[in-house]
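To start, the structure under review is shown below, and the notes come after it.
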Amino acid sequence: MRNLGYIVLITLLTAGLLSACSDNEQAPRAAIQEADSTAEASANVTIDFVVETQAGAVRGELTSEGGVSAKIFRGIPYAEPPLGDLRWQPPQSALSWSGVRDAIEWPDRCPQRSSSMGTGIPISEDCLYLNLVTAAQTANDELPVMVFFHGGGLTIGTGNSDIYNHPMLPSKGIVLVTVNSRLGPMGYLAHPALSSESAHGVSGNYGTLDLKASLEWVQGNIRAFGGDPNNVTIFGESGGGTKTISQMSSPLTEGLFHKAIVESGSGLVAPNRATFLEDAEAIGQKLAGQLGIENSGNVLAAMRAVSWEDIIAAAASDEVGFSASVVVDGYVIPDTVNALFNQGRQRDIPLIVGANTGERSLQTSVPLMANIHSRTASSDTFVYNFSHLPKTWREEPCIAFHGLELPYVFGSVPVGIPSPTILFLSRGGGCESRDIAVDEIDLSVADNTSTLWAQFAKTGNPSVEGLAEWPTYTEQNNQYLDIGATLEAKAGIENAYVTPPGN
């Protein structure tokens, strides 16, 4: 075992004590430079539960699980609430505050329909917040930073989760940030009138710009939490993988991050995955028509006066057919993602891409993304397949399903595996049991997986001496790492996927 925390957890398991998401499209470079100029002066500052950000002081608290602890700061604003006239506008920098702001409660989820993700957390448009977990001791620790974009198909979900904000991954020597950004029609609606009011003649990528703004916040503030702004890894699962690819594809994000991990979200690189601005605007007009305001004197004022609940309901109607998508607008996303990657215009950074054994639908897109990146980028490409199952499901005819790797990546197995989201997703792997137990093998796999992810964030190469030699992927060698109870290098990633039982 690599972490004393897991020994504690195993003891608890044996004893039976654990039960079974003004125009600010240019980076605030002045703010970043100001942060750089003050870095040396603050280098020896001890990181306590009150940390001074550029906008004001925030107070966090201790989070402990499985024998490891870290400081957690929930609900730090990285942009102004996109309310009123700021709805469907690029994110604006968060205003400063006086005194100390408590950062101990989850922020609201961004507007979305109901789902198992974030149950019990309120929903509002005031949602542009991030959470941060750090085990750094001083501001000069300069630990690598990992910024996580949650899944949910750009439509649902939240970064406010004990699964994602667990102290285990930060205990591996990184600073962890989880981001909430606008979703669905609030984050990806295009309309001719919105494009007309934009200085760049575009609309639709507000969620994409939110993510960029969160990365700008990291550049300006992460040193205060013991992080290194020059060593930032972005990563995401499912729709979070889509978000990660969108940041890799945008010319506006240059210099904001240095590595990327795409978990079960590689489909955006496919040739047929493109939503063009003109088509997106037409859907926006349909939505305004469904709301009965397309022919109003001021359609934008009318759209901004409608409740978000009515907008989401109208977007979901068959008459509108809205689907949240990254928009090829010629500015934020200058071309199709497939074309950008094939031309080598994506961020040239080390990349991990992969999926889980039961994700047959990604059998084409995972090797496609790996092939293109390894061919057009000078940086290394690494591919994985996650095949492990927790104890109870190992005894059933089921296979590793979409999203199952997340509790292992974050080291949150005891709280993550029995969560409503993982239980909901388990049906996709043919898994039937609802009362799920985990064992020391699960804890070991979580220790290994989080160690590999943290090592990649540190160095750009996930190999760990004595644990795993993860081969660099090329189209010719087609090598990947199978992540299960053991770690094994294999060849032929397209053959790693299996159809789930009953499908």
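Read-outs throughout are calculated quantities, based only on the coordinates presented, and are distinct from any laboratory measurement. Quick caveat: nothing in here was measured; it's all calculated off a predicted structure. So basically every Cβ, Gly included, is an ideal-geometry build from the backbone, and we count neighbours across all protein chains shown.
In the chain, taking the dipole from charged Cβ atoms about the Cα centre, the farthest positive-side position among M369, V45, V100 is held by M369. Within the chain, DSSP assigns beta bridges of which about 40% are antiparallel (rounded to the nearest 5).
Where only DSSP H runs of four or more residues are counted, the chain gives -8500 deg cm²/dmol as its mean residue ellipticity at 222 nm, each run worth -39500 (n - 2.57).
Loop-located trypsin sites (Lys or Arg not before Pro) in the stretch 433-503 (DSSP state not H, G, I, E or B) with no more than 11 neighbouring Cβ atoms inside 10 Å: R434. Placing +1 on each Lys and Arg Cβ and -1 on each Asp and Glu Cβ, with no other charges, gives the chain a dipole about its Cα centre of roughly 280 debye. Close amide H partners of W470, meaning residues 5 or more places away or on another chain with modelled amide H under 5 Å apart, are S463, V464. Converting the Cα gyration tensor eigenvalues of the stretch 303-342 into ellipsoid dimensions via √(5λ) gives semi-axes, longest first, of 29, 13, 7 Å. With only the Cα atoms considered, the stretch 110-151 has a convex hull volume of 115 Å³ per residue.
If the chain linking T499 and S116 were pulled fully straight, counting 0.36 nm for each residue of separation and taking away their Cα-Cα distance, it would gain 135.4 nm.
Considering only the Cα atoms of the chain, their convex hull presents on average a projected area of 22.3 nm². Straight-line cross-link partners of K71 among the lysines, defined as a Cα under 21 Å from its Cα and at least 8 positions apart when in the same chain: K172, K458. Pop the C-beta distance of S98 and A199 into the FRET formula with R0 = 45 Å and round what comes out to the nearest 0.05. For S98 and A199, the calculated efficiency is 0.90.
Scalar couplings 3J(HN,Hα) for the stretch 444-459, obtained by applying the Karplus form with A = 6.51, B = -1.76, C = 1.60 to θ = phi - 60°, are 5, 5, 5, 4, 5, 5, 5, 5, 5, 5, 5, 4, 4, 4, 6, 10 Hz; x denotes Gly and Pro.
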